[in-house]
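These notes concern the structure reproduced below.
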Amino acid sequence: MAERIEQRLEDRIPELEQLERVGLFTHKEIRAVLRKASALEYKIQRRALRKEDFINYIQYEVNLLELIKKRRARIGYSFKKDEIEHSILHRIHSLFNRATGKWKDDVQLWLSHVAFCKQWNAKHQLSKVFSTMLAIHSNKPALWIMAAKWEMETRLSSESARHLFLRALRFHPECPKLYQEYFRMELMNAEKQRKEKKEFEQAKIDLGEFNYSEEILNGEMARIVYRDASQKIKGVEFQLAVLSIAKLFDFTQDLQKEILESLQARYADDPLTWDYMARRELELGSLQPPEHSTKQKKVSEMAQREERCCAVFDEAVRAVPTEDMWKCYITFCLERYNRKTNSEELKQKRLERTLSVFSKAHESSLLSEALYKQWLQLLLDSNLSEKAVEVAEAAIRHFSQSVEMWQMRLQVLIQLKRDDVTHCFEEAMKHVKSKGTLPLWTLWVEWSEDTNSKEDTEALYQRSLHATMPAESVTMKEMYLDWTYRNYGYKKVKRLFTSLCENRPFSLDFFRKMIQIEKEQESCKMLNLREYYERALREFGSTNTDLWLDYIKEELSHPQGKPENCGSIHWRAMKMLQGDLVEDFVSKYTLLQTGHL
C-alpha cells in the first residue's frame with residue numbers, strides 16, 4: 001500500500017514544480033500540499049473504506065483548484081494549464097469514479113460529480129457520468145430528464161436528447177413528467193430551427209444545403225408525443241400541464257386547439273376542466289373594439305372579463321354540481337376579491353359576487369368545512385356581523401362535531417358580545433367528543449376571565465380538568481396555576497399546586513411555572529424550591545438534562561442553598577438519565593464548573 005501511495009504522490013511532483021516555478025505557490029505551501037495529500041491518500045487506501053474520506057479528498061482538491069484560479073487572476077498568469085489544472089481535474093474525476101463505483105446507490109454522490117463536471121465544463125467526462133449513472137439508476141425519471149436537458153441545452157443535440165427520452169419512456173411508460181419534458185424539448189427544438197431558418201432567410205443565404213423539415217418546424221413531433229402520452233396517461237392534470245407548455249410557444253395555436261378539444265371531450269365532467277375554461281376568459285381580452293384606454297375603461301373591461309368567467313362557472317355548477325366544482329368557483333372569486341384595485345366600485349362588485357356564490361353553494365348543501373370558515377372570515381372582515389352569526393349557526397348544523405366550527409361560531413359571538421355565549425359553550429360541549437376539546441376549553445376560560453366573576457372562572461377551571469382528556473388537561477393545569485397566582489396570590493397558588501400534583505399527567509412548564517412563582521417572592525425559600533425540583537425530577541428526571549443543571553445552579557446561587565448537595569444531585573442524574581443524555585449532561589456540567597454556562 002505504501003508503495004502505491006508513494007507512486008501517486010510522485011505523480012503530483014510535475015504539477016507542484018510548475019506551481020512553484022511560475023510563482024503561484026511558495027516552496028512552503030508546496031510542502032504543505034504534499035503533507036495533506038499524503039494523509040488523504042492513506043485514508044482512501046485502507047481496507048475499510050469510508051465515503052467521508054473520499055468526499056474530504058475531493059473537497060480538498062476542488063478547493064486547491066479554486067485557489068489556483070484566484071491566484072492566476074491576481075498575478076495575471078494564464079499559461080501551463082495542461083500541466084497544472086488538467087492533472088488535478090483528472091485526479092478528481094478518478095476519485096469520483098472510485099467513490100461512485102463503491103457506493104453506487106448514493107445518488108447525491110453522482111449528482112456531485114455531475115455538478116463538478118458542469119462547473120469545469122468537462123463535457124466529455126459528463127457524458128460518461130450520465131451514461132454510467134443512468135445504467136445504475138434507470139428507475140429515477142428525474143435523472144433521465146436532467147441528462148436529456150443537458151444534451152439539448154448545453155450540447156445543443158436534439159437527437160441525443162430525444163434518444164434519452166425514448167430510452168427513459170421504455171423504463172417509465174406512464175410517467176407524466178417525462179412526457180411533459182419530452183413534449184417541451186420537441187417544441188424547443190422546433191423553435192430553435194424556426195429561428196435559424198428565419199436568420200438564414202434574412203441574411204439571404206441559400207437553404208439548399210440545410211434540411212429544415214416543415215413537420216418539425218410546425219411542432220408535429222410534439223404533437224406525436226402528446227397523442228402517444230394522452231393514450232397512456234389519464235387525468236385532466238396532465239392535459240392542463242401540456243397545454244400550459246404549448247402556450248409558451250407562439251407557433252402552437254393548432255396544437256393548443258387540439259389539446260383543448262381533447263380536454264373538453266374526455267374530461268367534460270371534471271371540475272378542473274371547467275375551472276380552466278372559466279379562467280381562460282380572463283386571457284381572451286375584451287369583446288369591445290380597442291380604443292384609447294382610460295382608467296375607467298380598464299376597470300370596465302376587467303369587470304366584463306370577470307363576468308364572462310362567472311358565466312362559465314355558473315354553467316359549470318349546473319353541469320357538475322359537486323363540492324369540488326363549487327370550491328373552484330369560490331376560490332376564483334376569492335382570488336379576484338383579494339387582488340388590489342383602486343376602483344372601489346370593482347372591489348364592491350367582487351365582494352358581492354363572492355358572498356353570492358358562497359350563499360348559492362350553501363343552499364346547494366355543497367359547502368365544505370374549510371369554505372365555511374373562509375366565508376365567516378370574509379363576513380367578519382367586511383363588518384357583516386349579523387350575517388356572520390347566521391352563517392356560523394348554519395355551519396354548525398352541517399358540522400356539529402367539528403371543534404373548529406364551534407370555535408369559529410364562539411369567536412363570532414364573543415366578538416359581538418352576545419348574551420348567549422355561555423349557552424353556546426354548553427351546546428358545544430354536548431356535541432363534541434371529549435377528545436380534542438382543548439381549544440374550546442381554553443377559549444371558554446379566557447372569555448370567562450374577562451367576563452365572569454372569579455368564583456365562576458375557578459369553577460370552570462375545575463370542571464375543565466375533569467372534562468378534558470389527560471393529555472389535554474396538562475395545558476389547563478398550567479393556565480389554572482397562572483390565573484390563580486394573578487388573582488389570589490402566593491398562598492392560594494401553593495395550595496392549588498399541591499392539589500393538582502395529586503393527579504397525573506404533568507408538563508415540565510407546570511413545575512417551572514411554580515418554581516418561577518417561588519422565585520418572585522420576597523422571602524424565596526430554598527426548601528420550597530427543593531420540593532418543586534424534586535417533584536419535577538420524579539416526572540422528567542430521566543429525559544431532561546437542563547432540569548438537573550438548574551437544580552444544581554439553584555443550590556450554588558441561592559442564599560439558603562447547600563453546595564455540598566451538588567455532588568449527590570450529580571450522582572443521581574448520572575444514574576437516572578437515559579442513553580446519550582448522560583454524555584450531554586457531563587459536558588454541560590463541566591462547562592458549569594468552569595464558569596462557561
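The values are calculated or read from the model by the stated rules, or taken from the named source; none is laboratory data. Fair warning: this is a prediction, and the values are worked out from it, not measured in the lab. Neighbour counts are summed over all protein chains in view; Cβ atoms, including those assigned to glycine, are modelled from backbone coordinates with ideal geometry. Surface accessibility is based on the protein's heavy atoms, side chains included, excluding ligands, DNA and RNA. Shrake-Rupley method; radii C 1.70, N 1.55, O 1.52, S 1.80 Å.
Any idea how far the Cα center of segment 537-593 sits from the one of segment 484-516, in Å?
If you average the Cα positions of each part, the centres end up 23 Å apart.
Take Glu199 and Asn139, extend 7 Å from each Cα along the Cα→Cβ direction, and tell me the distance between the two endpoints in nm.
4.4 nm
Please tell me which of these pairs span more than 28 angstrom C-alpha to C-alpha: Lys123/Lys192; Lys349/Lys387; Lys80/Lys102; Lys198/Lys232? Don't skip to the end; give the middle numbers.
Details: Lys123/Lys192 22 Å; Lys349/Lys387 18 Å; Lys80/Lys102 34 Å; Lys198/Lys232 36 Å.
Pairs exceeding the cut-off: Lys80/Lys102; Lys198/Lys232.
Please give the per residue volume of the convex hull enclosing the alpha carbon atoms of segment 516-596, rounded to a whole number of Å³. If you can, show how the numbers build up before the last one.
Values: hull volume 7.4 nm³, N = 81.
With only Cα atoms used, segment 516-596 gives 91 Å³ per residue.
Rounded to the nearest 0.05, what FRET efficiency is calculated for Lys102 and Glu283 with R0 set to 60 Å and r the Cβ-Cβ distance?
Numbers: r = 54 Å, r/R0 = 0.90.
Plugging the Cβ-Cβ distance into 1/(1 + (r/R0)^6) gives 0.65.
Positive end of the dipole of the chain, charges at C-beta (+1 Lys, Arg; -1 Asp, Glu), about the Cα centre: which of Ser160, Val242, Asn121 has its Cα farthest in that direction?
Asn121
Treat each spin label as a single point 7 Å out from the Cα along the C-beta direction, and report the His398 to Arg418 distance in nm.
1.8 nm
Using a 1.4 Å probe on the protein heavy atoms only, what accessible surface does Lys104 show? Give it in Å² to the nearest 10.
Its accessible surface works out to 100 Å², give or take rounding.
Taking the radius of gyration and the Kirkwood hydrodynamic radius from Cα positions alone, what is the Rg/Rh ratio for segment 380-482, to two decimal places?
On the way: Rg = 13.8 Å, Rh = 14.2 Å.
Rg/Rh for segment 380-482 comes to 0.98.
Based on the Kirkwood radius over alpha-carbon pairs, what value in µm²/s does the Stokes-Einstein equation return for the translational diffusion coefficient of segment 333-375 at 10 °C and 1.306 mPa s? Working shown, then result.
Working: Rh = 11.0 Å.
The diffusion coefficient I find is 144 µm²/s.
Of Phe25, His90, Tyr57, whose Cα points farthest to the positive end of the dipole of segment 1-103 (charges on the beta-carbon: +1 Lys, Arg; -1 Asp, Glu; origin at the Cα centre)?
Value: Tyr57.
Can you tell me the dipole magnitude for segment 1-103 around its Cα centre, using point charges on the Cβ only (Lys, Arg +1; Asp, Glu -1), in Debye to the nearest 20?
On the way: 23 positive and 16 negative charges, 75 e Å.
For segment 1-103, the charge dipole is close to 360 debye.
Considering the alpha-carbon set of segment 1-103 alone, what are its Rg and its Dmax in angstrom?
Taking only Cα atoms of segment 1-103, I get Rg and Dmax of 14.0, 44 Å.
In units of 2.2 N^0.38 Å, what is the alpha-carbon radius of gyration of segment 180-249?
Details: Rg = 14.6 Å, N = 70, 2.2 N^0.38 = 11.1 Å.
In units of the globular-protein estimate, segment 180-249 measures up at 1.32.
Give me the Debye-computed log₁₀ of I(q)/I(0) at q = 0.11 Å⁻¹ for segment 162-282, equal point scatterers on Cα only, no solvent, two decimals.
-0.43
Over what distance in Å are the Cα centres of segment 148-163 and segment 225-280 separated?
If we compute the Cα centre of each part, the gap is 26 Å.
Just tell me which lysines come within less than 28 Å, Cα to Cα, of Lys575; anything on the same chain fewer than 8 places away is out.
Straight-distance partners of Lys575: Lys513, Lys525, Lys553, Lys562, Lys588.
Based on C-alpha coordinates, I'd like the Rg and Dmax of the chain, in Å.
36.4, 102
For n ≥ 4 DSSP H runs only, could you compute -39500 (n - 2.57) per run for the chain, divide by its residues and tell me the 222 nm figure to the nearest 500? Write down the numbers at each step before the final one.
Values: 30 runs with 451 residues, N = 597.
Rounded to the nearest 500, the figure is -24500 deg cm²/dmol.
Do you know the relative contact order of segment 1-103, to the nearest whole percent, from alpha carbon pairs under 8 angstrom that are 6+ apart? Please list the in-between numbers first.
Values: 46 pairs, mean separation 34.8, N = 103.
The normalised contact order for segment 1-103 reaches 34 percent.
Hey, got the Cα dimensions of segment 103-178 along the principal axes, in Å, largest first?
35, 31, 16
I want to check the label-to-label distance for Phe251 and Arg31. Put each point 7 Å from Cα in the C-beta direction and report it in nm to one decimal.
Distance between the two pseudo-spin positions: 6.6 nm.
Based on alpha-carbon centroids, what's the gap between segment 296-326 and segment 131-145 in Å, whole number please?
Value for the Cα centre distance between the two parts: 45 Å.
Determine the order of Tyr179, Tyr485 by accessible area, beginning with the largest, at a probe radius of 1.4 Å. Intermediate results must be reported in sequence, preceding the final value.
Values: Tyr179 5, Tyr485 60 Å².
Final ranking, largest accessible area leading: Tyr485, Tyr179.
Which is farthest toward the positive dipole end of segment 177-250 among Ser230, Gln193, Ile216, measuring Cα position about the Cα centre, with Cβ charges +1 (Lys, Arg) and -1 (Asp, Glu)?
Ser230
Counting only C-alpha contacts under 8 Å and six or more residues apart, can you give the relative contact order of the chain as a whole percent? Present the calculation step by step, with values, prior to reporting the outcome.
Numbers: 437 pairs, mean separation 26.3, N = 597.
The value is 4 percent.
Just how large is the dipole of the chain about the Cα centre, in debye to the nearest 20, putting +1 at every Lys and Arg Cβ and -1 at every Asp and Glu Cβ?
Numbers: 95 positive and 92 negative charges, 399 e Å.
In total the dipole reaches around 1920 debye.
Please compute the per residue accessible area over segment 35-189 with all protein chains in place, 1.4 Å probe, rounded to a whole number of Å². Mind showing how you got there, number by number?
Numbers: 8060 Å² over 155 residues.
Value for segment 35-189: 52 Å² per residue.
Determine one quarter of the surface area of the Cα convex hull of segment 389-547, which equals its mean projected area, and express it in nm² to one decimal. Numbers along the way, then the final one.
Working: hull surface 42.2 nm².
If you wrap the Cα atoms of segment 389-547 in a convex hull and average its projections, you get 10.5 nm².
For an R0 of 25 angstrom, estimate the FRET efficiency from the Cβ-Cβ distance between Lys118 and Ser87 and round to the nearest 0.05.
Working: r = 20 Å, r/R0 = 0.81.
Calculated value: 0.80.
Counting only protein heavy atoms and using a 1.4 Å probe, what share of the accessible area of the chain belongs to carbon plus sulfur, as a whole percent?
Details: 16300 of 32910 Å².
Heavy-atom surface of the chain belonging to carbon and sulfur, 1.4 Å probe: 50 percent.
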